[in-house]
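Asker: Just dropping this structure here.
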Amino acid sequence: MPRAKWNSLFKEGVGFLGFIGYKVGMKSAFVRDNTPNSLTKGQRITFPVTVIECPTIKILSIRFYKNNNVIGEVLNENLDKELKKKIKLPKQKKKKIGDFKEGEFDDIRAIVYSQVKKTNIKRKPDIAEIGLSGSVSEKLEFVKNNLTKEISVRDFLNEGVVDFRGVTKGKGTQGPTKRFGLALKSHKHGTLLELNLCNLWQGKWDILQELFIIIK
């Protein structure tokens, strides 16, 4: 999962500073271009948009910090059985929230997991650490009240613009057939791989090149 510097983020009120989402597709939006100095300013253009599905999340544990160092963690007692396929859960819960007194910690973050089983994406949940907004006492009260609840993206998003940070599927040392979707075509001299560099060219559109690689 992608990481974020939660100490540098700010949000009014008390709640999560982030959420877990999954890319499920792409769409085309018909919008009016208001970009300054754009060649299509004031005109209606098609714009690619990404569809993000955000299933509900639940709190896995509460992590206590002191001077940016973890001093303890409290595991939630009400956990889903799907977590056993992701991590190894301890049989006994050693610590409780009451074991940490005021002044012993200066920050609280939540380890959450997604309820992705409610979608058609996959069954195993994803786990991420998410920061909280508000004072230390407000953060503690927030996680206490939401330990047994499923938190929706509507509770996280009120209005305005949000930032997305994602992780792509690595291709490793795969060739252009897998990375760029080359079409394999039969040829009397061997296999012909055809790649149109026009789709990969960014910036100047006056140069169109086509690459033909013949594997004998």
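What follows draws every value from the coordinates through simple rules; no lab data is involved. The structure presented is a predicted model; accordingly, all values stated were derived computationally and were not measured. As a convention, Cβ positions derive from the backbone with ideal geometry for all residues, glycine included, and neighbour counts pool all protein chains shown.
Asker: Arranged by the count of other C-beta atoms within 10 angstrom, fewest first, what order do I87, I57 take?
Answerer: I87, I57
Asker: I've got another one for you. Tell me the GluC sites (Glu not before Pro) within the stretch 1-81 that lie in a loop according to DSSP and have at most 14 other beta-carbon atoms within 10 Å.
Answerer: Counting only loop positions with at most 14 other Cβ atoms within 10 Å, the GluC sites (Glu not before Pro) in the stretch 1-81 are E12, E77.
Asker: Using r as the Cβ-Cβ distance of N120 and V70, and R0 as 22 Å, what FRET efficiency do you calculate, to the nearest 0.05?
Answerer: FRET efficiency, N120 to V70: 0.05.
Asker: Taking the beta-carbon count within 10 Å as an exposure proxy, list S152, S114 from fewest neighbours to most.
Answerer: So the ranking, lowest neighbour count to highest, is S152, S114.
Asker: For V162 and S137 in the same chain, what is the full-extension length gain: residue separation times 0.36 nm, less their Cα-Cα distance, in nm? Let's see the in-between values first.
Answerer: Values: separation 25, 0.36 × 25 = 9.00 nm, distance 2.58 nm.
Gain on extension, V162 to S137, equals 6.4 nm.
Asker: Can you work out ³J(HN,Hα) from phi for every residue in the stretch 77-83, in order, using Karplus 6.51 cos²θ - 1.76 cosθ + 1.60 and θ = phi - 60°, giving whole Hz and x for Gly and Pro?
Answerer: Couplings: 7, 9, 10, 7, 5, 5, 5 Hz.
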